[in-house]
1. Of the conditions (1) open to solvent by less than 10 Å² (accessible area, probe 1.4 Å); (2) assigned to a strand (DSSP E or B); (3) not aromatic (Phe, Trp, Tyr), residue 79 fails just one. Which one is it?
2. I'd like to verify a number: residues in the range 236-273 that are in a loop (DSSP other than H, G, I, E, B) and either of a type in the set (Phe, Trp, Tyr) or in the same structural domain as residue 213 (by the TED database) (or both), how many?
3. Yes or no: the range 13-25 includes at least one residue that is in contact with a strand residue (DSSP E or B) (Cβ under 7 Å, 6 or more places away or on another chain) and modelled with pLDDT of 95 or more.
4. Go through 109, 92 for me and flag whichever is touching a Ser or Thr at 6+ places or on another chain (Cβ under 8 Å), of a type in the set (A, V, I, L, M, F, W, C) and under 30 Å from residue 201 (Cβ atoms).
5. Using the structure shown, decide if residue 251 is within 23 Å of residue 95 (Cβ to Cβ), modelled with pLDDT of 95 or more and over 17 Å from the mean Cα position of the chain (by Cα).
6. Got at least one residue in the range 155-167 being in contact with a Phe, Trp or Tyr (Cβ under 7 Å, 6 or more places away or on another chain) and either among the aromatic types (Phe, Trp, Tyr) or assigned by the TED database to the domain that holds residue 138 (or both)?
7. Restricting to the range 165-213, and then to whatever is among the hydroxyl-bearing types (Ser, Thr, Tyr) and within 22 Å of residue 274 (Cβ to Cβ), can you tell me which residue is most open to solvent (accessible area, probe 1.4 Å)?
8. Just checking, how many residues over the range 161-193 are modelled with pLDDT of 95 or more and either farther than 25 Å from residue 98 by Cα or assigned to a helix (DSSP H, G or I) (or both)?
Amino acid sequence: MKKKILGFAAVALLTVGLAACGSSSSGSSDSSSKEKSDTLVVGASPTPHAEILEHVKPLLEKEGVKLEIKKFDDYVLPNKALADKDIDANYFQHKPFFEKAVKENDYKFTDAGAIHIEPMGLYSKKIKDVKDLKEGATVITSSSESDWGRIITILQDAGLVKVKDGVDLETATFDDIAENPKKLKFEHSIDPALLATTYNNDEGDLVAINANFAYGAGLNPVKDAVLLEKDTSPYANILAVRTADKDDARIKKLVKVLHEKDVQDWILKKWDGSVKPVDK
């Protein structure tokens with residue numbers, strides 16, 4: 001996602017940390033070098049991704065793989081760290097964002113498997129029901145263009161907007177909206193990591209927040225969102241690896257463990273059904 005400078009000291013510290021330490025795996029296609037290390041370093045958003053990885057750590061260790069988790073609070077550094085071989089894989093992004101990042105940065109990455117879906121929600125401190133949304137209300141979304149179609153789809157499903165005929169909703173932008181009966185205003189310049197703060201500051205009438213940042217702010221998408229993405233969403237969160245490492249046995253073991261039924265049942269229970277595991 002296109003990032004502004006984050007106002008988080010933690011991100012600056014993380015950047016220094018990444019520069020100071022390299023991954024135990026070089027990312028080389030030389031299989032002999034991989035065999036020398038049983039440690040897999042995975043970059044992840046703090047919640048739910050890192051929490052899920054912490055849960056499977058002992059399961060993966062039984063498979064002979066030690067899991068090291070590096071937490072990232074933004075959406076730029078995890079892919080940069082993967083490209084720079086500071087980590088062996090990352091787990092934070094949905095498939096459309098991954099594809100856009102690969103195209104824009106010419107990353108040599110591969111999708112190693114979809115793990116779960118986090119429904120996007122629109123939240124409000126001003127209304128409890130969307131029918132109470134006033135004409136001219138402001139909808140605040142992130143600056144991440146890969147989420148715009150997702151948010152527009154939620155609004156269209158709620159009957160608030162309609163896009164032009166023939167537009168692919170997955171790649172739709174706010175310029176593609178043909179009908180806007182409530183004359184909604186769209187503000188889409190906020191960094192994704194700041195949207196929960198925007199909501200807590202009571203800015204706008206609806207604020208679209210990615211689920212991982214919503215969880216971090218104590219929000220449950222299923223219980224607290226005024227509008228919630230449907231279960232048919234194509235925005236599954238994936239495990240991404242460098243293409244040279246797509247056949248790494250450690251990666252395959254991690255994906256296998258994450259898809260185990262006991263793990264998926266734990267995910268559903270842990271987040272009250274608002275994080276939905278997928279099996280491929």
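The values are calculated or read from the model by the stated rules, or taken from the named source; none is laboratory data. What you see is a predicted model; the values in this text were computed from it and never measured. Glycine gets a Cβ as well: all are built from the backbone with ideal geometry, and neighbour counts include every protein chain shown. We work out accessible area using only protein heavy atoms, side chains counted, and drop any ligands, DNA or RNA first. Shrake-Rupley method; radii C 1.70, N 1.55, O 1.52, S 1.80 Å.
1. Against the list (1) open to solvent by less than 10 Å² (accessible area, probe 1.4 Å); (2) assigned to a strand (DSSP E or B); (3) not aromatic (Phe, Trp, Tyr), residue 79 comes up short only on (2).
2. Qualifying residue count, the range 236-273: 1.
3. no
4. From the options 109, 92, the qualifying one is 92.
5. Answer is yes for this residue.
6. No, that holds for no residue.
7. 197
8. Total satisfying the criteria: 15.
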